[in-house]
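K.L.:
Pasting a structure below so you can have a look.
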Amino acid sequence: MKLLVTGGAGFIGSAVLRLAVARGHHVVNLDALTYAACLKNVASVADSPLYAFEHADIRDRTALSRIFATHQPDAVMNLAAESHVDRSIDGPGDFISTNVTGTYELLEAARAYWAGRGRPDRFRFHHISTDEVFGSLGPEGVFTEDTPYDPRSPYSASKAASDHLVRAWHHTYGLPVVLSNCSNNYGPYHFPEKLIPVIILNALAGKKLPIYGDGSNVRDWLYVEDHADALLLVLQQGVLGRSYNIGGENECSNLELVRRICTILDELRPRPGGSYADQISFVADRPGHDARYAIDPTRIRQELGWRPSVTLDDGLRRTVIWYLENESWWRSLLARKGVGQRLGVGP
């Protein structure tokens, strides 16, 4: 297939792109190269004849139309998004503009391209979203594909809106779409403003390891390369108009997660005079911090035969080792705007 991957220089997008090229797909990476993008993420495939790069913004309809006409993709995988909850609290406008308006422009460009080619059955528009659109869970229960949407942050609200647009374009115009909602991703090339890379890099720098509130918030953790595998499967075999929840089957509280990372670092790069856990510091909670996310992955397991292959302990070890071995990648990103600062404190 020829895939148009938006946001392909980002964390999840680059994992999809690397895997797609490895499997022999032609891939066009469309990325605006905003603050969290990094072309080093795709350096391993940049010289492949299967790879092409387009520096463009999904809000630019003229650029989108040119890219569709030039590359004539068989499918679109929309991973372009503003994604950091804390940044959405401080500046929601960017999230509405990119995640909502950008998705609209991409849908319209894809619809015009698809219609202009005679509405081919083979074409697919895969919209990648988050479990945060479902809101917050208590100690029990899980999110299914039928869970009502209840977003609690500007980020999750913008992603919920984009999900609704994609479904509307399917039902109204017949655009062949599939959707997926994933749990928290982690792994190599994770931009250093999210929890796991923040903890790893702060620990190595001898800084405090900040944990919001009392650390009891629970997330389901999904290794990014497992997620990339699932996304390509949903694209190729998912039922049109259907959504698939993709989870790691690895629930863990934030405090326990940080302690596990500290244990791995204590083994791989011992800290003089104690454990990295001694650097743990509790800070004021994020406004509206969702208590717990947990995904029921029954649909993707039963319909498509997919389950995650990486346990949390194995994935965390792989991730820590990657950051220890790739300082040249993350060191240059620390100077980007907002990295290393507490964001999203609210009023």
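The values are calculated or read from the model by the stated rules, or taken from the named source; none is laboratory data. Only a predicted model underlies this, so the values are computations on that prediction, with no experimental measurement involved. Quick reminder, even Gly has a Cβ in these numbers, built from the backbone with ideal geometry, and neighbours come from all protein chains shown.
K.L.:
Is the range 248-264 home to any residue that is in a loop (DSSP other than H, G, I, E, B) and aliphatic (A, V, I, L, M)?
P.N.:
Within the range 248-264 (the criterion being in a loop (DSSP other than H, G, I, E, B) and aliphatic (A, V, I, L, M)), the answer is no, since none of the residues qualifies.
K.L.:
Based on what the data block shows, is Gln341 surrounded by fewer than 17 Cβ atoms within 10 Å (Cβ to Cβ), out of contact with any Lys or Arg (no Cβ under 7 Å at 6 or more places or on another chain) and at pLDDT 95 or above?
P.N.:
Working: surrounded by fewer than 17 Cβ atoms within 10 Å (Cβ to Cβ): yes; out of contact with any Lys or Arg (no Cβ under 7 Å at 6 or more places or on another chain): yes; at pLDDT 95 or above: no.
Here the answer is no, as Gln341 does not meet what is asked.
K.L.:
So for the range 173-196 (the condition being at pLDDT below 95, in contact with a helix residue (DSSP H, G or I) (Cβ under 9 Å, 6 or more places away or on another chain), surrounded by fewer than 19 Cβ atoms within 10 Å (Cβ to Cβ) and not in a helix (DSSP H, G or I)), does at least one residue qualify?
P.N.:
Within the range 173-196, one or more residues are at pLDDT below 95, in contact with a helix residue (DSSP H, G or I) (Cβ under 9 Å, 6 or more places away or on another chain), surrounded by fewer than 19 Cβ atoms within 10 Å (Cβ to Cβ) and not in a helix (DSSP H, G or I).
K.L.:
Now, a different point. So for the range 65-79 (the condition being closer than 29 Å to Ile196 by Cβ and either part of a helix (DSSP H, G or I) or acidic (Asp, Glu) (or both)), does at least one residue qualify?
P.N.:
No, that holds for no residue.
K.L.:
Test each condition in (1) outside any strand (DSSP E or B); (2) under 30 Å from Gly91 (Cβ atoms); (3) in contact (Cβ under 8 Å) with a residue 24 or more places away in the chain for Asp313 and report the one that comes out false.
P.N.:
Asp313 satisfies all of (1) outside any strand (DSSP E or B); (2) under 30 Å from Gly91 (Cβ atoms); (3) in contact (Cβ under 8 Å) with a residue 24 or more places away in the chain except (2).
K.L.:
Still on this structure, I have one more. When you check Ser243 against the structure, is it hydroxyl-bearing (Ser, Thr, Tyr), under 21 Å from the mean Cα position of the chain (by Cα), buried (at least 18 other Cβ atoms within 10 Å of the Cβ) and at pLDDT 95 or above, yes or no?
P.N.:
Answer is yes for this residue.
K.L.:
Out of Pro192, Pro176, which single residue is in contact (Cβ under 8 Å) with a residue 24 or more places away in the chain, of a type outside the set (S, T, N, Q) and farther than 20 Å from Met77 by Cβ?
P.N.:
Answer to the check: Pro192.
K.L.:
Among the residues of the range 146-162 satisfying the criterion of being among the hydroxyl-bearing types (Ser, Thr, Tyr) and farther than 13 Å from Leu179 by Cβ, which is surrounded by the fewest Cβ atoms within 10 Å (Cβ to Cβ)?
P.N.:
Thr147
K.L.:
Restricting to the range 145-169, name every residue that is among the aromatic types (Phe, Trp, Tyr) and either without any contact (Cβ under 8 Å) to a residue 40 or more places away in the chain or not in a helix (DSSP H, G or I) (or both).
P.N.:
The one that is among the aromatic types (Phe, Trp, Tyr) and either without any contact (Cβ under 8 Å) to a residue 40 or more places away in the chain or not in a helix (DSSP H, G or I) (or both): Tyr149.
K.L.:
Kindly indicate the residue of the range 17-41 that is touching a residue at least 60 places away in the same chain (Cβ under 8 Å), within 24 Å of Arg336 (Cα to Cα) and not polar (S, T, N, Q) and also surrounded by the fewest Cβ atoms within 10 Å (Cβ to Cβ) among those meeting that condition.
P.N.:
Tyr35
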